[in-house]
Amino acid sequence: MFESLRRQLPVMLQNRLDSALETTAIFAGMKNPRVLQAMAPSALRGLVLQAGRSGAPTLMPAAHDAYFNWSYPHDHEEMHRLYERAKLGQWNGSSLAWSTAVDPMDPMMPLAPLDMIDVHAAAQAGIRLQGQESQKMIYDITCWMLSQFLHGEQGALLAACQVTESVQFFDGKLYGSTQVVDEGRHVEVFHRYLSEKLGKIYPINDNLFVIIDALMSDSRWDMKFLGMQIMVEGLALGAFGFLYQHTREPLLKELLRYVIQDEARHVHYGVLALREHIQQQLSPKEKEEREDWAYEVALLMRNRFMAYEVYEEWYAGTRVTREQWRQLVTESPGMRRFRHIMLSRLVPNIREIGLLSPRMRPYYEQAGLGAYFQGAAATELSGEQMLAELDRG
Ligand SMILES: [Fe+2]
Ligand SMILES: [Fe+2]
C-alpha cells in the first residue's frame with residue numbers, strides 16, 4: 001500500500017522520502033542507546049545539515065587528553081619495530097611518474113573494471129545507458145571513489161595527529177609521527193592525481209563525514225583508534241586493493257602500490273594498540289559499546305557507500321529515482337566485488353581486536369558478513385604480502 005502510494009509521487013518527493021527513510025533506518029537500527037547518543041550530534045551535522053557539502057571549511061569540536069611521558073620509556077616492542085619499518089618505508093610523492101599522460105576514457109587502459117557499472121544491471125533497474133555512457137559513468141564513479149579516498153586521507157591526517165597525542169605508549173607516539181607524514185603524503189598524491197589527471201573532485205560523502213566527525217569529537221582515545229585505524233583505514237585498505245587490482249592506468253597503480261604499503265602499517269598499529277586494551281582493560285559494558293559502534297559503522301559504510309553524488313549529477317530532475325540508482329550500484333558485478341574486497345579486509349581486524357564476540361556474530365551473519373570471519377588480520381599480513389595476493393588476482 002505504502003509502496004504503491006510512494007511510486008505515485010513526483011520523483012523529487014520520492015527521492016526526499018527515500019533519503020529521509022535511509023537516515024531514519026540508520027538510527028532506528030541502532031540497538032545500543034549509548035552508540036546512538038555518541039553518534040547523534042555527528043549525524044546531525046553530517047546527514048541533516050550536510051556540513052561537508054557547504055564548500056566552507058569545517059570546525060569539528062575536539063576535546064581529549066594529550067598524554068605526555070617525561071621518562072621516554074621503551075614500552076612496546078612491536079610498535080617499535082613498526083616505527084623502524086615505517087622510517088625505511090618513506091617515499092616521496094613528488095617522485096611518482098607525474099609526466100604519465102592519463103586518458104580516463106581510453107578503453108585500452110581503463111581506470112577501473114569495465115563491469116563496475118553494468119549495462120544489463122542498469123537495464124534491470126530501468127536505466128538505459130547508451131554508447132559511451134557506461135564508460136563515462138565509470139569515470140565519474142572512479143573520480144567519486146578517489147575523492148572519498150582523498151577526504152578520508154584528510155580525516156586520517158588529522159586523526160593521526162590526535163591519536164599521536166592521546167596514545168599512552170611512547171613507542172606508539174614515535175610510530176604515530178611517521179603516520180602523520182604518511183597521511184600528509186597520501187593527501188598530496190590523491191589530490192594531485194584528481195586535480196591534474198582526472199580534473200574532477202566530488203564533495204565528501206555525508207556518511208563518511210559522520211564517521212570522521214564522530215571520531216574526531218569523541219574524547220576517548222580508543223574510540224579514535226577504533227574509528228580511524230580500524231574502521232576507516234581498514235575499509236580504505238580494501239578499497240585501495242580493489243582499485244589496485246583492477247586499474248590498468250600505470251600511474252594510479254603505482255600510487256596505490258605505495259599507499260597500500262603505508263596503510264597496512266597503519267591498520268597493524270591500530271590492531272596492536274587496541275587488542276590488549278579492549279580485551280583486558282575495558283569493563284564488559286564499555287566493551288559492548290565498542291562492539292555495537294564498530295558494527296554500526298561497518299553497516300553505515302557498506303550500505304551507504306552508494307555514490308549518490310554521482311546520481312545527483314546524472315539524474316537530478318529526471319524520472320530516474322534514487323532507488324533505481326541504488327539497485328544499479330548494488331547489482332553491478334564490479335561494485336559487488338568492490339564491497340566484497342572492502343569488507344574482507346575490515347571484518348578480520350574487528351575479530352582480532354576482540355569485538356567480534358559471540359553476542360555480535362549473529363548480527364554480522366545476518367548482514368551477510370559471516371564469510372569474512374576467518375580472513376587474515378593486519379597483524380598477520382604485511383603490505384608486501386597483501387600486494388602479492390592482489391597481483392595473483
Ligand atoms: Fe592514508
Ligand atoms: Fe592511514
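The values are calculated or read from the model by the stated rules, or taken from the named source; none is laboratory data. This structure is a prediction, so every number in the text was calculated from the model and none was measured. No Cβ is skipped: glycine too gets one built from the backbone with ideal geometry, and neighbour counts run over all protein chains shown.
Got a sec? Which of Glu312, Glu291, Glu331 is of a type outside the set (A, V, I, L, M, F, W, C) and closer than 20 Å to Met231 by Cα?
Glu291
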**OP:** Return the total of residues in the range 174-186 being in contact with a Leu (Cβ under 6 Å, 6 or more places away or on another chain) and within 14 Å of ligand 1 (Cβ to nearest atom).
**Re:** 2
Original post:
Restricting the search to the range 37-91, which residues are in a helix (DSSP H, G or I), hydrophobic (A, V, I, L, M, F, W, C), surrounded by fewer than 16 Cβ atoms within 10 Å (Cβ to Cβ) and within 23 Å of the chain's Cα centre (by Cα)?
Top reply: Ala40, Leu44, Val48
**OP:** Collect the residues in the range 159-172 that are part of a helix (DSSP H, G or I), touching a residue at least 24 places away in the same chain (Cβ under 8 Å) and crowded, with 19+ Cβ neighbours inside 10 Å, keeping them in residue-number order.
**Re:** Ala159, Ala160, Gln162, Val163, Ser166, Phe170, Asp171, Gly172
**OP:** Would you mind stating whether Leu252 is surrounded by 18 or more Cβ atoms within 10 Å (Cβ to Cβ), within 16 Å of ligand 1 (Cβ to nearest atom) and without any contact (Cβ under 8 Å) to a residue 24 or more places away in the chain?
**Re:** no
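Residue under question is Ala28, and the condition is that it be among the aliphatic types (A, V, I, L, M), at pLDDT 70 or above and over 18 Å from Ala307 (Cα atoms); does it hold?
In short, no.
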Original post:
Val189 passes all but one of (1) under 18 Å from Ile212 (Cα atoms); (2) surrounded by 20 or more Cβ atoms within 10 Å (Cβ to Cβ); (3) under 18 Å from the mean Cα position of the chain (by Cα); (4) more than 9 Å from ligand 1 (Cβ to nearest atom); which number fails?
Top reply: (1)
Original post:
How about the range 173-182: which of its residues are farther than 19 Å from Met223 by Cα and surrounded by 19 or more Cβ atoms within 10 Å (Cβ to Cβ)?
Top reply: Leu174, Thr178, Asp182
**OP:** Grab the helices (runs of 4 or more DSSP H) fully contained in the range 306-393, keeping just those with 2 or more residues being under 30 Å from Val119 (Cβ atoms) and among the small types (Gly, Ala, Ser).
**Re:** 333-352
Original post:
Can we say Leu150 is aliphatic (A, V, I, L, M), within 13 Å of ligand 2 (Cβ to nearest atom) and free of Cβ contacts under 8 Å to residues at least 40 places away in the same chain?
Top reply: no
Original post:
Within the range 192-209, is even one residue among the charged types (D, E, K, R) and within 16 Å of ligand 2 (Cβ to nearest atom)?
Top reply: no
Original post:
So is Ala122 under 25 Å from Val329 (Cβ atoms), surrounded by 11 or more Cβ atoms within 10 Å (Cβ to Cβ) and touching a residue at least 40 places away in the same chain (Cβ under 8 Å) or not?
Top reply: yes
Original post:
Of all residues in the range 67-85, which are touching an Asp or Glu at 6+ places or on another chain (Cβ under 7 Å) and under 21 Å from Gly184 (Cα atoms)?
Top reply: Met79, Tyr83
Original post:
Quick check: anything in the range 163-173 small (Gly, Ala, Ser), under 26 Å from Val310 (Cα atoms) and away from ligand 1 (no atom under 16 Å from the Cβ)?
Top reply: no
